[in-house]
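S.K.: The structure that follows is given in the form of structure tokens.
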Amino acid sequence: MGRLDGKVAIVTGSGRGIGRAVAMAFASEGAKVTIAELDLEPAEEVVNEIKSRGGLAIAVPTDVTNRESVKKTVETTIKEFGQVDILVNNAGILRLNMLQKMTEDQWDAVLNTHLKGTFNCTQAVSTHMIERKYGKVINVVSRAGIQGTIGQINYGSAKGGMLGFTKSAAKELARYNINVNAISPGAATRMTEKIRTDPKLGQVYLEQIPLRRWAEPEEIAPAFVFLASDEASYITGQVLCVDGGLTM
Ligand SMILES: NC(=O)c1ccc[n+]([C@@H]2O[C@H](COP(=O)([O-])OP(=O)(O)OC[C@H]3O[C@@H](n4cnc5c(N)ncnc54)[C@H](O)[C@@H]3O)[C@@H](O)[C@H]2O)c1
């Protein structure tokens, strides 16, 4: 028996990194998974990997910034798998710059992907979840939105906004038996490659992590399985930091 047997999940940005590991973990716990990803090629690889292990998944080209695209992804998932129980708002990008140099395009791209993307996807699935009086939404936030950061004020603002979104959505949707929580991760992915491989910055960063190492995305994924499962039925509006103690 898997902990997510019979459940259907949409994981945005799950062609690589943390989203990929979450999709794989959900599938191995029995969930059917939609890989909602901008890049179709890695998304199809994830689907093949899940299928080769006996799971069920589909790749649906999705741009979370585009409301029509998101609507189609939700419709395709319901057509294919009959329902949506779990949504993970994970898709993300970085556009680094200091406040004074940040362009409007850099600001908009990051806010649209993380914050508006979370609004687009949550609004689209919540209509369906409200009808079924069941749902689990997990938003992927960051220490940047909790404690602030240098050189990515767009990202810190978007992630801080997602925290507010998580708490407000948790309060609005609780009456429909929908739990909304957030995870603040830290993992070795494409997104953190620059920091990890920079000899100076990499060392400085590692010294801030009490566990003194980066996690592989697979080490982060079990926390998502927990919050997506009914073991977490009495948890809502919370932020779980899975980052080696970086955020305390
Ligand atoms: N890696 C970390 O340590 C860390 C720390 C804090 C927060 N996060 C957050 O975790 C999430 C996943 O990051 P990651 O490290 O796995 O990065 P990643 O770059 O490996 O993966 C991000 C994925 O999102 C997809 N994506 C980007 N824009 C999209 C869009 N508009 N629509 C659909 N998909 C889109 C990308 O194609 C990519 O596959 C992000 O929200 C990120 O901000 C990561």
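S.K.: Full-extension gain between N97 and S233, please, as 0.36 nm times their residue separation minus the C-alpha to C-alpha distance.
M.R.: Gain on extension, N97 to S233, equals 45.0 nm.
S.K.: Starting with the highest mean, order 13-23, 41-51 by the number of other Cβ atoms within 10 Å, averaged over the residues of each peptide. Don't skip to the answer; put the middle values down first.
M.R.: On the way: 13-23: 26.8, 41-51: 18.1.
Top of the packing list down: 13-23, 41-51.
S.K.: Compare the peptides 204-212, 137-145 by average per-residue count of other Cβ atoms within 10 angstrom and give them in order, highest first.
M.R.: Final packing ranking: 137-145, 204-212.
S.K.: Under the 0.36 nm per residue contour assumption, what length would be gained going from the current alpha-carbon distance of S52 and A188 to full extension?
M.R.: So the chain would gain 46.5 nm between S52 and A188.
S.K.: Could you give the nm distance between label points at R213 and M1, where each point is 7 Å from its Cα heading toward the beta carbon?
M.R.: Roughly 3.4 nm, to one decimal.
S.K.: Can you send over the solvent-accessible area of T189, 1.4 Å probe, protein chains only, in Å² to the nearest 10?
M.R.: 20
S.K.: Now, a different point. Would you grab the residues whose amide H sits under 5 Å from the one on D39? Only those 5+ places off in sequence or on another chain, please, with H modelled 1.01 Å from N.
M.R.: Those lying under 5 Å, H to H, from D39: there are none.
S.K.: Right, here's the next one. Hey, rough spin-label estimate for D108 and Y205, points 7 angstrom out along Cα→Cβ, what's it come to in nanometres?
M.R.: If labels sit at D108 and Y205, their model points lie 2.9 nm apart.
S.K.: Could you please state how large a percent of the accessible area of segment 1-122 is carbon and sulfur, counting protein chains only and using a 1.4 Å probe?
M.R.: After summing per-atom areas, the C and S share lands at 49 percent.
S.K.: Which of the helices in the chain, when you take each full DSSP H run, stretch at least 20 Å along the axis at their Cα atoms and have an average Kyte-Doolittle score of -1.0 or higher? Provide the component values of the computation, followed by the final result.
M.R.: Details: long enough: 67-81 (21 Å, -0.93); 117-132 (23 Å, -0.24); 153-173 (29 Å, -0.08).
Passing helices, by number: 67-81, 117-132, 153-173.
S.K.: In addition: Working with all protein chains in place, sort H128, H114 by solvent-accessible area computed with a 1.4 Å probe, largest first. All intermediate terms of the calculation are to be shown ahead of the outcome.
M.R.: Numbers: H128 25, H114 5 Å².
So the residues, ranked largest to smallest area, are H128, H114.
S.K.: Follow-up. Hey, can you rank 226-236, 78-88 by average C-beta count inside 10 Å, highest first?
M.R.: On the way: 226-236: 16.3, 78-88: 19.4.
Result, highest mean first: 78-88, 226-236.
S.K.: Suppose each label sits 7 Å from its Cα in the direction of the beta carbon; what would the I130-Q83 distance come out to in nanometres?
M.R.: Result for the modelled spin labels: 1.9 nm.
The values are calculated or read from the model by the stated rules, or taken from the named source; none is laboratory data. All of these numbers come straight from a predicted model, not from anything done at the bench. Note that each Cβ is placed from the backbone with ideal geometry, even for glycine, and that neighbours are counted across all protein chains shown. Heads up: the accessible areas ignore ligands, DNA and RNA and are worked out on the full protein's heavy atoms, side chains in. Shrake-Rupley method; radii C 1.70, N 1.55, O 1.52, S 1.80 Å.
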